1. Suppose we filter the stretch B:188-212 for residues that are under 16 Å from B:TRP11 (Cβ atoms) and crowded, with 19+ Cβ neighbours inside 10 Å; how many remain?
2. Within the stretch B:55-91, count every residue that is closer than 27 Å to B:THR128 by Cα and either of a type in the set (Asp, Glu) or surrounded by fewer than 19 Cβ atoms within 10 Å (Cβ to Cβ) (or both).
3. Of the conditions (1) among the aliphatic types (A, V, I, L, M); (2) over 30 Å from A:VAL150 (Cα atoms); (3) surrounded by 12 or more Cβ atoms within 10 Å (Cβ to Cβ), B:ALA137 fails just one. Which one is it?
4. In the stretch B:92-126, what residues are surrounded by fewer than 13 Cβ atoms within 10 Å (Cβ to Cβ) and assigned to a loop (DSSP other than H, G, I, E, B)?
5. Please go through (1) closer than 29 Å to B:TRP53 by Cα; (2) open to solvent by less than 70 Å² (accessible area, probe 1.4 Å); (3) assigned to a helix (DSSP H, G or I); (4) not aliphatic (A, V, I, L, M) for B:GLU244 and return the number of the only condition it doesn't satisfy.
6. Just to be sure I understand, how many residues within the stretch A:50-80 are more than 9 Å from chain B (Cβ to nearest Cβ), part of a loop (DSSP other than H, G, I, E, B) and either among the acidic types (Asp, Glu) or within 14 Å of the chain's Cα centre (by Cα) (or both)?
7. What residue, among those in the stretch A:164-191 that are in contact with a strand residue (DSSP E or B) (Cβ under 6 Å, 6 or more places away or on another chain) and not in a helix (DSSP H, G or I), is surrounded by the most Cβ atoms within 10 Å (Cβ to Cβ)?
8. Would you tally the residues in the stretch B:213-224 being within 11 Å of another protein chain (Cβ to nearest Cβ) and open to solvent by 30 Å² or more (accessible area, probe 1.4 Å)?
Amino acid sequence: MIEAFRVGAAFSKGTLWDGLDLAFDDGEVCVVTGPPASGKTLLLRILRGERRPDAGDVVVGGESLYRGDPGPGKAFRASSGFVPESFSPTACRTVRDLFRLSAVAVPGVSARERMEREEELLALVGMPGSQGGGLSCLSVSERARVALAVELVRSPRVLFTDMLLMNAGREWTDMLGGLFRALAREGKTIIMAERTISERWNTMEGGQGITRGPFRLFRLPVATEALR
Amino acid sequence: MKPVSLCWIDWKISAKGMLLESAARFFMLFLVAACYVAMLLSGGMNRFLSGQWAVTAILRVSVSVEEGQGIAGKAAELPGVRSAAYKDPETSWKEFLAVYPGLESLRTAGGNPLPGYVDIRMRPDRFTEADIRAVEASLRPLPQVESLLSGGEVLSRLLRLKVWVNGFFWAGFGLLCAVVFLALFLQEKTRASLLSMDFGFLEGRGIPAARIAFSRVLGAVLTGALLSLAAAGAVVSCFFILEERLAVIGRVIGPAGEMLTPPFLLPLGLFLLASPLLHGVASLLGWRAAHAGRK
């Protein structure tokens with residue numbers, strides 16, 4: 001479980017937001033929406049343990065990410081995945097290079113196993129057989145989906161995505177929703193930051209969501225029965 | 001679960017670039033090793049001068065061949081002496097005629113006018129004024145020795161010149177090492193900059209930057225050790241092969257067989273130790289410079 005207590009963020013001209021209380025259970029699919037420049041990416045970074053909040057704390061599984069021992073923070077970052085909004089790969093890199101790089105951070109995965117998972121995941125995000133393609137030649141949607149597949153190869157316990165739905169495009173919304181629900185049923189937590197939530201998605205909070213500072217928080221129903 | 005080793009991270013994510021870089025490094029190390037081996041074997045000017053210069057002990061005319069050979073044997077045992085050869089009066093006369101042809105008439109007056117002599121050559125590493133004077137001091141009291149020729153004032157000037165030339169050679173070698181180190185540093189810095197996004201990707205996935213940096217240093221040290229060993233091996237082999245084909249190599253630089261003796265193997269071991277360490281230092285400095293540029 002990820003809990004943010006009274007979290008605040010400031011920037012040079014003042015306070016961005018303050019006193020945010022958020023909680024994300026294991027096996028949940030959550031969407032945090034907010035207007036442009038409201039600090040969605042910053043919130044994800046704080047929740048991931050990458051950027052110390054200016055106020056408050058984030059606790060994962062009962063351990064603080066920012067106070068005392070830095071070990072839990074490092075371990076949490078290692079076990080979580082992150083699909084960034086803008087993905088700027090090193091020039092001349094191919095999709096396969098990115099998978100290889102991602103696999104460096106995963107202990108105990110053989111090259112053969114990695115390649116099998118590569119193929120499966122690329123097929124899942126609609127890009128089968130694209131391993132040899134250069135990243136710089138991909139469209140925004142393709143890059144976003146490749147970035148997702150690259151994160152999934154490590155089987156992260158928690159997956160953070162920043163503007164993934166918007167970058168992937170409307171035609172991929174339902175597929176990604178289904179994928180995230182399936183992952184949540186395996187006990188994984190998905191936290192997405194988006195400008196708006198897709199009107200095609202049912203949420204547990206209805207169309208309005210829960211207001212937290214400048215953000216609205218939505219939870220997607222995960223259980224199979226709930227989808228019927 | 002056992003963490004993944006990042007020692008070969010650069011090879012994993014940039015194999016082609018690393019291959020090209022390693023080839024360039026091998027040639028640079030080959031050049032350094034060749035210069036180092038040549039300097040160690042030749043001692044700069046020492047080997048050449050010790051081959052050209054001799055201390056000559058002119059013996060009295062009355063000295064017999066056996067006495068002359070005895071004196072040569074004693075001279076050969078003196079510290080710093082590489083060889084001492086006795087030349088009898090007849091050999092002496094032939095050498096004289098080879099230098100001054102047409103003076104055969106000098107002999108008709110009353111036999112061979114030239115005495116025998118002992119030709120003494122110093123070891124290259126003991127070709128110093130002190131060692132030459134010590135040899136002279138050992139031979140001068142002998143009643144069979146008429147006079148000693150070792151260059152006098154010219155020798156002192158030549159030895160001073162030798163010190164300067166050797167210093168110049170070593171300074172050139174030091175400069176070469178500095179240039180190679182600079183090239184290593186620039187290679188490391190460029191690579192760390194080019195791969196900075198990849199390293200950022202790994203840092204974002206919970207791998208600390210310090211672990212990446214020190215793993216890369218370890219990888220650089222291991223790569224440096226392997227390349228240095230290969231370069232040193234190639235240089236030693238080349239000397240053995242070239243010595244057979246070019247006799248001048250043996251005369252000016254030295255016999256390749258000397259490379260397998262302890263006084264030579266020790267400094268070669270130092271090279272094999274220092275080179276990987278410098279690779280590691282270049283990797284760390286390159287990483288820091290690339291990171292400083294990113295901030």
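The values are calculated or read from the model by the stated rules, or taken from the named source; none is laboratory data. Just so we're clear, the structure is a prediction, and the values are computed from it rather than from any experiment. Methodologically, a virtual Cβ is constructed for each residue, glycine included, from the backbone with ideal geometry; neighbour enumeration extends over all protein chains shown. Each accessible area value is taken on the protein alone, full model and side chains, heavy atoms only, with ligands, DNA and RNA left out. Shrake-Rupley method; radii C 1.70, N 1.55, O 1.52, S 1.80 Å.
1. Qualifying residue count for the region: 8.
2. 14
3. B:ALA137 satisfies all of (1) among the aliphatic types (A, V, I, L, M); (2) over 30 Å from A:VAL150 (Cα atoms); (3) surrounded by 12 or more Cβ atoms within 10 Å (Cβ to Cβ) except (3).
4. B:TYR100, B:PRO101, B:GLY102, B:LEU103, B:GLU104, B:ALA109, B:GLY110, B:GLY111
5. All conditions pass for B:GLU244, except number (2).
6. 2
7. Among residues in the stretch A:164-191 that are in contact with a strand residue (DSSP E or B) (Cβ under 6 Å, 6 or more places away or on another chain) and not in a helix (DSSP H, G or I), the one surrounded by the most Cβ atoms within 10 Å (Cβ to Cβ) is A:ILE190.
8. Qualifying residue count, the stretch B:213-224: 0.
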